[in-house]
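Computed from the coordinates by the stated procedures, all read-outs in this text should not be read as laboratory data. Model, not experiment: these values are computed from the prediction. A quick note on method: Cβ atoms are made from the backbone with ideal geometry, for glycine too, and the neighbour counts reach across all protein chains shown.
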Amino acid sequence: MRTPAALLADAGTAAANSYSPYSGFAVGAAVLTAAGEVVTGCNVENAAYGESICAERNAVTTMVARGWREIEAVAIVGLRAAPCWPCGACRQVLREFGCRRVIVESADGQPLSLDFEALLPHSFGPDALGN
Ligand code: THU
């Protein structure tokens, strides 16, 4: 089982690979699956700005491609901002796969771990469609 600090370190390593020439805002995410696997992602921007993808969604789509569908926790690191909270779109995508905890770095570098429910209360999910 990965500690919050270790998962943040994984996210920081992923952030180093960020392709963010337009914003200069490098982000890394590390998803811990319910099976205990860690899958990372970074933000990847595009000259057509709207086609950029956030670090969290990059990590989640990679996780699904590798065969996992349940998220225990996600850690997020922004190299220029702490804490780096997940955007609304990423919260919804994390919700789809049952994310339970969100871990970010406090301004003084300590792991902050929150229940997912605190970030996206009263959310819409697969259960609403009977899935
Ligand atoms: N970004 C992420 O990767 N994750 C978030 O949750 C917030 C924003 C990225 C998108 C864009 O490449 C850059 O940060 C500035 O918005």
Practice task
Give me the net charge of Ala6's neighbourhood, meaning all other residues with Cβ under 14 Å from the Cβ of Ala6; Lys, Arg count +1, Asp, Glu -1.
Solution key: -2
Fill in the blank from the handout: In the neighbourhood of Gly98 defined by beta carbon distances under 9 Å, the net charge of the other residues (Lys, Arg +1; Asp, Glu -1) is 0
Fill in the blank from the handout: Expected unfolding gain across Ala34-Asp127 under the 0.36 nm per residue rule, minus the alpha-carbon gap, is 31.6 nm
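Please sort by residue number the trypsin sites (Lys or Arg not before Pro) in segment 21-123 whose DSSP state is loop and whose Cβ has at most 14 other Cβ atoms within 10 Å.
When the trypsin sites (Lys or Arg not before Pro) of segment 21-123 are filtered for loop state and at most 14 Cβ neighbours within 10 Å, Arg66, Arg69, Arg80 remain.
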Problem - Theoretical gain in end-to-end length, Glu96 to Glu117 [0.36 nm per residue, Cα-Cα removed] - result: 6.3 nm
Problem - Spherically averaged projected area in nm², based on the convex hull that wraps the Cα atoms of the chain - result: 7.9 nm²
Fill in the blank from the handout: Other residues with Cβ under 10 Å from the Cβ of Pro126 give, with Lys and Arg +1 and Asp and Glu -1, a net charge of -1
Handout entry: Sites Ala107 and Tyr19 - FRET efficiency at Förster radius 25 Å, r taken between beta-carbons, to 0.05
Key = 0.45
Completion exercise
Ranked from fewest to most other Cβ atoms within 10 Å of their own Cβ, Ile71, Ile76, Ile53 fall in the order Ile53, Ile71, Ile76
Handout entry: Within the chain, longest stretch free of exposed chymotrypsin sites (Phe, Trp or Tyr not before Pro) [DSSP loop, at most 11 other beta carbons within 10 Å]
Key = 23-123
